[in-house]
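One structure below.
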Amino acid sequence: MDTEKPAVMAEVFSILKDIPQDRSQLLVALWLVFEHYQRFRPEIVDAVSQYMNIPYAEVYGVTSFYALFHNPDGKNPLHVCTDVMCALQGADDLVKKLQALTQRSTVCVKECPCLGQCDAAPAAFFGKQVLRRATPDLIAQAIRGEDHA
Amino acid sequence: MREVRRLLPPLDIISAPTSMQRLKDRGFSRAMERVLGMDPRDIIAEVKASGIKGRGGAAFPTGFKWESVYEAPGGNRYVVMNADESELGTFKDRALLEYDPLGPLVGMLIAAHAVGAKKAYCYIRGEYRPIERQMVNALQTLADCGWVGPHAVEVEVRRGAGAYIAGEETALLNSIEGKRAEPRVKPPFPTSKGLWGDPTLIQNVETLANVTLLFAHDVEWFRQCGSPQTPGTKLVSLSGHVKNPGVYEVPFGFPMADIIADPELGGGITGSGRLRAILLGGAAGTFLSPDQISATVLDYGSLGTFDASIGSGAIMVFDDSVDLSWVLRKLAHFFADESCGQCVPCRIGTRRIVEMLAQGGLYSRVQDLRDLAQAMRDASICGLGQTAPTALLSILDRPNWQGA
């Protein structure tokens, strides 16, 4: 941990090198850092806090506010909508199947609120991809594609 | 009368959605050039005369909002396009930004010109990544025209990170400022004290697309569609037990039943084939029974007779196999999860509704639910807490309604 910390600090500083040290850029900065680490461990939050010159508690407060940043195990999140419209189209069943499929993988299935794809329910969201009329096959394809990218 | 395509591009359009040619084909460049030659007061007067109302849900008259920002004292001014579309059952802004992103973006630039803003933000939800790319490409086209950039209007795209509440206008401002997306107490309203305390105009994507159409034509053209009280068209997001779910554009005053049943629109009920109800306007919307649907048109006055409103334009359709109590429990969980927790009536109230519905069902503690709903309406800081019980009350207010 102690040997890791300066390395994380250097890495975060390098990720953020083009971001102005301005409070209004915090969310932008957090997205860059999240896309690299897929989670916010304390040393990562600390590094952002140091770089942006914003108190740790405030940075933590912002990271913990947003659902997409909540990813404690650091696996690649696969968000599956289980809200009303997707639930009518079998989203709960889809979640169960996906959980079984991804049990020992680097992907973590998360139920999420409405993804705004109700005309093609059920919907899922993985990385930068939105998956409409999602099936286990379609999602598996997307995950493989994302890994190869 | 069927679908009217004004906000949505014609089906046979060939030009790419983010291309320079699209700007010409759709009259958007004409709109922008016309506005650049106008005095801000004349622009605002034209928006007022058009009768455009906000399409995000509140239906506030757009021209009056612009006037407030224009007249507010302060140095810097900002325009924000709210594309944080997260309302349940709502996907019309997504469709608009996918099929014709230049429309709303030009509307944003027109707004900036009218209120004197040199900086604008496009706030888009983090789950719309493909749409965000489309938006960035469209902004590049506008930069190539010289309408976006340091010497015109600087535009920054902001990506949300999964928070329904960030779509609330003051929460959205806090999010842009790099803070937790918690709503602010109003007044002051953003029109006088918005981003960094300066006058800020926040508009929904669809509202701004209407503005561009207005200036591509004129007030008379704009008012040819819709009702005298609410001119223009509305995008509706139709989902659930209908044959053709999707985004449709219909004039205000269009019969509600036809949106669902018309073969060119919803195409009729699927599932059991028998309609139980629609939920109109999103999670904080109102349930309408088949009788009420037959008796109303898509306009604020007509729907107001049943205490309903258009909201975001979401129409979620349920056949008679759906237990509406199940829908209410889903909605209750949604609000409890999405409450930001800043104020007590909402933080505790949304939880209590979940518990009451789980314990004894909808009708076991009707008076307690009503009292709680009243407290949430009276004392919550923002619309989330104030309207979280709306759908539930719309069922309680019709005790003889089968299905819940």
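The values are calculated or read from the model by the stated rules, or taken from the named source; none is laboratory data. Worth saying up front: this structure is predicted, and the values here are computed from it rather than measured. All Cβ positions, even for glycine, are placed from backbone atoms using ideal geometry, and neighbour counts span all protein chains on display. These area figures cover heavy atoms from the full protein model, side chains too; ligands, DNA and RNA do not enter into them. Shrake-Rupley method; radii C 1.70, N 1.55, O 1.52, S 1.80 Å.
Odds and ends about this structure:
- Comparing B:81, B:356, B:376 in a Gaussian network model of chain B, where Cα atoms under 10 Å apart are tied by springs, the biggest mean-square fluctuation is seen for B:356.
- ³J(HN,Hα), Karplus 6.51/-1.76/1.60, whole Hz, each residue of region B:5-21, x for Gly, Pro: 9, 10, 5, 7, x, x, 5, 9, 5, 9, 4, 5, x, 10, 8, 4, 4
- Order of exposure, largest accessible area first, which applies to B:151, A:36, A:79 with probe 1.4 Å: B:151, A:36, A:79
- List of region A:117-139 residues, accessible area with partners at least 30 Å² below that of the chain alone (1.4 Å probe): A:118, A:119, A:125, A:128, A:130
- Reduction of at least 40 Å² in accessible surface, 1.4 Å probe, comparing all protein chains with the chain by itself, residues of region A:20-49: A:23, A:24, A:27, A:31
- Of all accessible heavy-atom area on the protein assembly as shown, the percent that carbon and sulfur account for (1.4 Å): 51 percent
- Buried area at the B-A interface (accessible, heavy atoms, 1.4 Å probe, summed, Å²): 3200 Å²
- Each helix, a run of at least 4 DSSP H residues, gives -39500 (n - 2.57); summed and divided by the residues of chain B, these come to -12500 deg cm²/dmol at 222 nm.
- Solvent-accessible area of residue A:9, all protein chains in place: 50 Å² (probe radius 1.4 Å, heavy atoms, ligands and nucleic acids excluded).
- Beta bridges from DSSP with both residues in the protein assembly as shown: antiparallel share about 45 percent, rounded to the nearest 5.
- Three-way shape label, region B:20-223, alpha-carbon gyration tensor, a/c 1.5: rounded
- R0 of 35 Å, Cβ-Cβ distance residue B:140-residue A:13: FRET efficiency to nearest 0.05: 0.75
- Pairs of Cα atoms farther than 30 Å apart, the protein assembly as shown, %: 51 percent
- Solvent-accessible heavy-atom area per residue, rounded to whole Å², over chain B at 1.4 Å: 36 Å²
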